[in-house]
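Right, one structure below, let's go through it.
The values are calculated or read from the model by the stated rules, or taken from the named source; none is laboratory data. Treat the numbers as computed from the prediction; the structure is a model and nothing was measured. Note: ideal-geometry Cβ built from the backbone for every residue, glycine included; neighbour counts use all protein chains shown.
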Amino acid sequence: MNEQIAAILANIHAMEEKLELELEKGRALYGLEVKGKVAAFEQDVVARHRRFRMGLIQFFRESGLLNILTSPVIYSLLVPLVITDIWVTFYQHICFRAYGIARVRRGDYIVIDRQHLSYLNAIEAVNCVFCGYANGLIAYVREIASRTEQHWCPIKHALRIRDPHERYFKFLEYGDAEGFRARLKEYRKDNQKESPETPPSPPAA
C-alpha cells in the first residue's frame, strides 16, 4: 500500500472519530445518557416522549394499504436472515479457528435497542427490532466476508466497486503477481488481529 493511500485512510479514521464526537453531542442534546451498553433517559424526558406515541388505530389509518399488504413480504426475510446468521456464525467459529483469523464479535454489529423508546408504539418498536437486526446482521456478515477475503485473496479488483469494505484499500494491486506471492502470508498474519491494521509497506526500490 502506497503512502498516499495510507495517509488518506488515516484521515478517514480521524474524520470518523470527529463524526462520532458530533453524534455524541446529538445524543446529549436529547438527554440520552449511555453507560457501557445501557442507554437511558431521565424520567421527565421519558414522560415527554410518551406524549408523542401514536395509537395503533391512528397508525394503521395513516400507514396506507400498500404498506400493510407488503409487510408480510418484508418480514418473510426473517427466515433467510436467521439461517444466514446461524450458518455464518458456525462458519467463522469453525474456519476462523482453523485459519487463525480473529473472530468477529457479533454484538459489535447487531445492536437492538430502539424498541425501548417511549414514543414508539408496539408495531413501530417491532419494526425497529427488525431493521436493527437485519442491517446489523449484514454488517456482521460483511466483516466476516472481508476477513475471509483478506486471508485468501487480498487483491483489488480491476474495475471500480461501490462502497468497498475497509480492508479492501489495503489489498494488493490488481496484477501485482510478485507482491501476491511474496506478501500473502503477511496479510494472513495481520488478519489474526481483531481490527484491520495497515500491512507494512513494501521496501522502497
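Here are some notes:
- Inside region 82-138, residues that are under 24 Å from residue 51 (Cβ atoms) and small (Gly, Ala, Ser) make up a count of 3.
- Here residue 98 clears all of (1) surrounded by 13 or more Cβ atoms within 10 Å (Cβ to Cβ); (2) over 21 Å from the mean Cα position of the chain (by Cα) except the condition numbered (1).
- Condition check for residue 83: exposed (fewer than 14 other Cβ atoms within 10 Å of the Cβ), in contact (Cβ under 8 Å) with a residue 24 or more places away in the chain and assigned to a helix (DSSP H, G or I): no
- Subset of region 156-205 that is modelled with pLDDT under 90, among the small types (Gly, Ala, Ser) and over 22 Å from the mean Cα position of the chain (by Cα) - its residue that is surrounded by the most Cβ atoms within 10 Å (Cβ to Cβ): 201
- Sub-8 Å Cβ pairs linking a first residue in region 54-73 that is aromatic (Phe, Trp, Tyr) to a second residue that is outside any helix (DSSP H, G or I) and surrounded by 10 or more Cβ atoms within 10 Å (Cβ to Cβ), at least 6 apart or interchain, are 59/121, ordered by first then second residue.
- Some residue of region 105-114 being in a helix (DSSP H, G or I), touching a His at 6+ places or on another chain (Cβ under 9 Å) and surrounded by 14 or more Cβ atoms within 10 Å (Cβ to Cβ): no
- Of the residues making up region 71-80, those that are loosely packed, with under 11 Cβ neighbours inside 10 Å and assigned to a helix (DSSP H, G or I) are 72, 73, 79, 80.
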